[in-house]
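The values are calculated or read from the model by the stated rules, or taken from the named source; none is laboratory data. Just so you know, these numbers come straight off a predicted model, no measurement behind them. So basically every Cβ, Gly included, is an ideal-geometry build from the backbone, and we count neighbours across all protein chains shown. Each accessible area value is taken on the protein alone, full model and side chains, heavy atoms only, with ligands, DNA and RNA left out. Shrake-Rupley method; radii C 1.70, N 1.55, O 1.52, S 1.80 Å.
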Amino acid sequence: MPPLLGLLAALTCPLVMFVGLFLVIRTPGLKWRIAWAVLCFVGIGAFWMRASTGEWGFVPAAINLLGPGQQAGFYKATTPVGALASIFVCVSVRRARKAALAAKRTDGAA
């Protein structure tokens, strides 16, 4: 596996976590905001790759908080399941809120 894929995975993981955190902060009407914000930084599974040799592996039973950690010579990433769940909930809350506002406007206009 090319080292570029390991580097891409290591850079994408925290990016998704911070996008999830941004959506949690910016979503109006979200209950349990602090819990969702903390959940953004929970990952399940750990992918690692040795940059020098291209050797790689995956540990499916790993539960990571704040990413998988760092070590010199390795690219590490986790599957940001908590961030993906937070993004899904934020999008659902925003859609429900938008639908409720649209229904309120149509009721008020009639």
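Taking the stated definitions as given, is residue 21 closer than 29 Å to residue 91 by Cα, modelled with pLDDT under 95 and not charged (D, E, K, R)? So residue 21 does not fit the description; no. If you go through segment 41-67 and keep only what is open to solvent by 30 Å² or more (accessible area, probe 1.4 Å) and closer than 16 Å to residue 5 by Cβ, you end up with 47, 48, 50, 51, 52, 53, 55, 56, 58.
Among the residues making up segment 27-40, those that are among the small types (Gly, Ala, Ser) and either surrounded by 15 or more Cβ atoms within 10 Å (Cβ to Cβ) or closer than 19 Å to residue 81 by Cβ (or both) are 35, 37. Of all residues in segment 13-26, those satisfying the criterion of being surrounded by fewer than 19 Cβ atoms within 10 Å (Cβ to Cβ) and over 8 Å from the mean Cα position of the chain (by Cα) are 22, 25, 26. Picking from residues in segment 73-88 that are crowded, with 19+ Cβ neighbours inside 10 Å and hydrophobic (A, V, I, L, M, F, W, C), the one that is modelled with the lowest pLDDT is 77.
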